[in-house]
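Each remark here refers to the structure printed beneath this line.
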Amino acid sequence: MTPEPSADPRSAGTGARVQAGSETVRDLFTILYKRRRLFWGVFLLFSASAWWFGETFDPIYRATAQVYLKGRLETVQSEDVDNPGMSRYRKADLSDVASEMQLMKSRDVVDGVCANPDFLARSPWKKPPEEQAWADFSEEDRRRAWRFYIIDNFEAAAIPNTNVINLAMTDWNPNRAAEIVNALADSYSKYRSGSLGGKLRLDQLVKQAEKAKTVFQSSETTLHDFKKANGLLLDLTTMVGSLIEKSTKLLDHVNDLEGLVERGRIHIVELQELHGQDSPFLLGLPEVSGNQAVVALQASRSELSLRLVDALQHNLENSSVVSSLRGQMDSATGRLQEVVADITGGLVRAAETELLQNEAVLADLRKKQEATATNLNEVGKASLRMESLKNNLDRARDAYNLAEKRVDTAKTTGLTLPDFLVDVGGYANVPQFPSFPPPPWIRTTLAILGGLFFALTSVFLGAFLDRSLDTPGQAERETRIPVLATIRDERIRRNKKG
């Protein structure tokens, strides 16, 4: 049998033991050696850049204080009539701790620090604005600047499964970071112990009571002015009843006058018709029949009629005696008609005058009745508005009474006990090392590790992208033929000698 050719020692194996595409540790070191310049360039560049980048940051110090929540006040209802509510403290639960963490960032707590003259005399920023000196700002602007600075750099975090809260403050000055966080812990403790929070709550209740009193007085004045402007100072029910009674009487009077006016018109028409027809019914009128002249003329006609009848019995109809009597009779009849006509005309004129007077009175009564109805309607509308004002007044009175009761209760019992028992568990010490950037040894370690990572990544990425065969392993992987031997490139040796 033909002897098997010897394989190159850097090959992966011979015969059936050859694995295409395999790499040896020597091949990896060969790749690193061939690209050592790339490796050291990337390593030094990244390490130096990372170190320089860490040196550009200003040091920031973090000071931490602890606040311990001992208990929370709660009211327990009892069956005692004289003392139905009993106050006691219970252990603060996780929800209480979470709510207190948010309260620590409230304006009331932060303002306890911002109002400190020691802080107001200094600027919160390391490089304050150059447009205006810090001392030239108003006190309110300085407080606002400190408030925003503290809120942006202050953190509160609870220690798991405990009632302890860590207060952390970051600042460019280690002494000031500890000073600010300790002042925040004291401000929160005072606020919750009642020396600050109780006073603020009492002031709020007093302000609410004053506001409710102002609203109540305003509602009362508005109602009185409305009553005065609309004439509603008397009892509304009595006033409405009086207006309704007055309107009813006026309406009855108007109806009576309307009937009287209508009868007067009919009477005038009848008199005019009887007068135009010279009706003998005119003599039946009381005003005509009772007139002395009419009575005298009727008596004279009766006498002449009797004489005429007697004369006709003894004389001819054409006799002078009968003719004379007839002439006297016609003269008396004419005078009677004239008198009746004058009396009838007087009656018509009197009836027309009375009709005009009644119509004038009727028109006046109608105006009064319409004015009364309008007034009644306005009173009805005003009563709705007044009822709304009364409701507003009642609500304002109830709110005022409730606010006064709250103030009284707060002064007697409500503010004698704080809502929370709080204690500053530990004040912050002045930090010796900045929290950011990290210490030099950590920055150095991170720069070296990062440089190694990116240098190795760059070398192997360059080897992956380079299609030339640098090692026997690459040759086996590409050709799938075992490497038996390698020949050194003499050009490399000559370059090294030169």
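Quick notes on this structure:
- Just one residue in the set 323, 383, 319 is in contact (Cβ under 8 Å) with a residue 40 or more places away in the chain and either hydroxyl-bearing (Ser, Thr, Tyr) or under 30 Å from residue 221 (Cβ atoms) (or both); that residue is 383.
Residue-wise test of (1) modelled with pLDDT of 80 or more; (2) surrounded by fewer than 15 Cβ atoms within 10 Å (Cβ to Cβ); (3) more than 12 Å from residue 383 (Cα to Cα).
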{"site": "214", "(1), (2), (3)": "yes, yes, yes"}
{"site": "219", "(1), (2), (3)": "yes, no, yes"}
{"site": "222", "(1), (2), (3)": "yes, yes, yes"}
{"site": "225", "(1), (2), (3)": "yes, yes, yes"}
{"site": "235", "(1), (2), (3)": "no, yes, no"}
{"site": "238", "(1), (2), (3)": "no, yes, yes"}
{"site": "248", "(1), (2), (3)": "yes, yes, yes"}
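- Residue check for residue 57: among the hydrophobic types (A, V, I, L, M, F, W, C), modelled with pLDDT under 85 and part of a loop (DSSP other than H, G, I, E, B): yes
- Positions within the stretch 125-157 being over 17 Å from residue 106 (Cα atoms) and of a type in the set (A, V, I, L, M, F, W, C), in sequence order: 125, 133, 134, 135, 137
- Residue match in the stretch 353-374 (condition: among the polar types (S, T, N, Q), at pLDDT below 75 and more than 34 Å from the chain's Cα centre (by Cα)): no
- Condition met for residue 401 (farther than 30 Å from residue 246 by Cα, over 60 Å from the mean Cα position of the chain (by Cα) and surrounded by fewer than 16 Cβ atoms within 10 Å (Cβ to Cβ)): no
- Residue list for the stretch 100-127, filter: farther than 12 Å from residue 191 by Cβ and exposed (fewer than 12 other Cβ atoms within 10 Å of the Cβ): 102, 117, 118, 121, 125, 126, 127
- Residues in the stretch 426-449 that are assigned to a strand (DSSP E or B) and either more than 27 Å from residue 183 (Cα to Cα) or at pLDDT 85 or above (or both): 426 only.
- Residues that are assigned to a helix (DSSP H, G or I) and of a type in the set (A, V, I, L, M) were ranked within the stretch 450-470; the one that is surrounded by the most Cβ atoms within 10 Å (Cβ to Cβ) is 455.
- Members of the stretch 406-424 that are at pLDDT 85 or above and over 18 Å from residue 74 (Cα atoms): 423, 424
- Residues considered: 403, 463, 396, 475. Of these, the only one that is at pLDDT 85 or above and not aromatic (Phe, Trp, Tyr) is 396.
- Within the set 47, 78, 22, the sole residue that is touching a Gly at 6+ places or on another chain (Cβ under 9 Å) and either closer than 30 Å to residue 433 by Cβ or modelled with pLDDT of 80 or more (or both) turns out to be 47.
- Considered as a group, the residues in the stretch 326-345 that are without any contact (Cβ under 8 Å) to a residue 24 or more places away in the chain and farther than 19 Å from residue 303 by Cα include one that is farthest from the chain's Cα centre (by Cα), and that residue is 338.
- If you check 393, 362, 402 for being within 30 Å of residue 266 (Cβ to Cβ) and in a helix (DSSP H, G or I), only one passes: 362.
- Conditions (1) of a type in the set (A, V, I, L, M, F, W, C); (2) surrounded by 15 or more Cβ atoms within 10 Å (Cβ to Cβ); (3) modelled with pLDDT under 80; (4) in a helix (DSSP H, G or I); number of the one not met by residue 206: (3)
- Hits in the stretch 103-129 - residues which are part of a helix (DSSP H, G or I) and free of Cβ contacts under 8 Å to residues at least 24 places away in the same chain: 117, 118
- Unique match (being surrounded by fewer than 16 Cβ atoms within 10 Å (Cβ to Cβ), among the aliphatic types (A, V, I, L, M) and over 22 Å from residue 245 (Cβ atoms)) among 371, 363: 363
The values are calculated or read from the model by the stated rules, or taken from the named source; none is laboratory data. Everything numeric in this text was worked out from a predicted model, so none of it was measured. Cβ sites come from the backbone with ideal geometry, for glycine too, and all protein chains shown count toward neighbours.
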